[in-house]
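The next block holds one structure in the form of structure tokens; read it before the comments.
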Amino acid sequence: MKKCNVIFNATLIAVFSVVAFANEPDLNSNPFLVEPSTQQQGAQVFSFKETPIELHENDKINTAQDTGYLRLALETKSNGFALVDTSQIKDIEKVIAEHKNGHELFLRSLKPEIMAAQSIADQTNLSQQFAGDTVSLDSILLQQEFITFSRMVGGNFIAGSGWDQLTQVVKNDTFGTVIIKMFSFSQSSGVYIDADAVNYYVNSNPGILYVLKDNSDNVYTSLSWADENQSYFIGIEKNINDIGLKWRFETLITSM
């Protein structure tokens with residue numbers, strides 16, 4: 001099943017194919033100018049600002065033409081947060097409800113068909129398995145005394161490995177409720193990160209951090225980043241740049 005999603009204002013920019021991982025943008029290899037688009041495993045930083053996007057009509061890609069997300073990334077880096085209208089502050093409980101509703105639909109409509117096409121061994125052993133590596137994540141969640149409220153796998157099934165997407169809702173006294181998403185790359189999937197929005201690094205891997213705050217001090221933080229094997233997302237209703245949270249947050253994400 002082809003993954004081809006470009007969502008600039010949702011931090012991690014594309015679930016698509018890439019040529020190679022790089023910390024610097026390659027301005028001469030715009031993937032959306034290639035016909036047909038190639039798909040290889042990994043992650044790549046690419047400047048969409050320098051090279052305009054031209055999409056092949058057969059690629060089902062959702063694009064956001066508004067570049068307001070770049071302002072949010074720049075202000076977060078410069079000021080520690082970006083001042084926004086209250087309507088832009090996510091209600092984490094609503095986000096969780098949307099995930100659960102989408103997962104229930106997936107279980108009813110897509111999962112049975114996808115699993116029916118797999119081997120008997122995979123159907124028996126991997127129907128609930130995430131294909132990626134969660135050892136470090138599981139360890140840090142235990143260490144920081146997180147309680148796991150839900151764990152949902154889905155997306156595409158990678159033969160012999162499991163599902164390529166994992167969404168977890170966890171909570172502890174320090175952070176409150178946290179949404180964590182992971183996407184495991186197969187040989188035909190990966191992510192593009194918009195180089196112009198990169199404002200944060202996790203273990204030297206480029207990411208995009210938004211700390212959105214309104215005039216009533218409502219806050220929502222989201223961070224997305226990727227390494228050569230997986231992409232990561234974390235969302236929380238806290239300003240992680242506040243004193244007392246920053247180092248705890250960094251400990252959490254660098255341990256994932």
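The values are calculated or read from the model by the stated rules, or taken from the named source; none is laboratory data. What you see is a predicted model; the values in this text were computed from it and never measured. Heads up, the Cβs are rebuilt from the backbone with ideal geometry, glycines too, and the neighbour counts pull from every protein chain shown.
So the values come out like this:
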quantity	calculated
Residue count, the range 73-98 (criterion: surrounded by 13 or more Cβ atoms within 10 Å (Cβ to Cβ) and under 17 Å from the mean Cα position of the chain (by Cα))	5
Any hit, the range 245-255, residues being modelled with pLDDT under 95 and touching a strand residue (DSSP E or B) at 6+ places or on another chain (Cβ under 7 Å)	no
Output for the range 99-112, where each listed residue is surrounded by 11 or more Cβ atoms within 10 Å (Cβ to Cβ) and among the charged types (D, E, K, R)	K100, E104, K111
Matching option when the condition is in the same structural domain as V95 (by TED's automatic domain parsing) and at pLDDT below 95, among N239, N218, N229	N229
Which numbered condition Q187 fails, given (1) of a type in the set (S, T, N, Q); (2) under 16 Å from R248 (Cβ atoms); (3) under 19 Å from the mean Cα position of the chain (by Cα); (4) surrounded by fewer than 17 Cβ atoms within 10 Å (Cβ to Cβ)	(2)
So S29, is it modelled with pLDDT under 95, crowded, with 17+ Cβ neighbours inside 10 Å and in a loop (DSSP other than H, G, I, E, B)	no
Selection count, the range 182-204, where residues are in contact (Cβ under 8 Å) with a residue 40 or more places away in the chain and in a strand (DSSP E or B)	10
Any chance D164 is charged (D, E, K, R), surrounded by 15 or more Cβ atoms within 10 Å (Cβ to Cβ) and touching a residue at least 12 places away in the same chain (Cβ under 8 Å)	yes
The range 64-100: number of residues that are assigned to a helix (DSSP H, G or I) and out of contact with any Asp or Glu (no Cβ under 6 Å at 6 or more places or on another chain)	21
Test: S139 is hydroxyl-bearing (S, T, Y) and either under 22 Å from E98 (Cβ atoms) or in contact (Cβ under 8 Å) with a residue 60 or more places away in the chain (or both)	yes
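This table checks each residue for (1) surrounded by 21 or more Cβ atoms within 10 Å (Cβ to Cβ); (2) within 13 Å of the chain's Cα centre (by Cα).
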position	(1), (2)
S204	no, no
N215	no, no
E228	no, no
Y232	yes, yes
I240	yes, no
R248	no, no
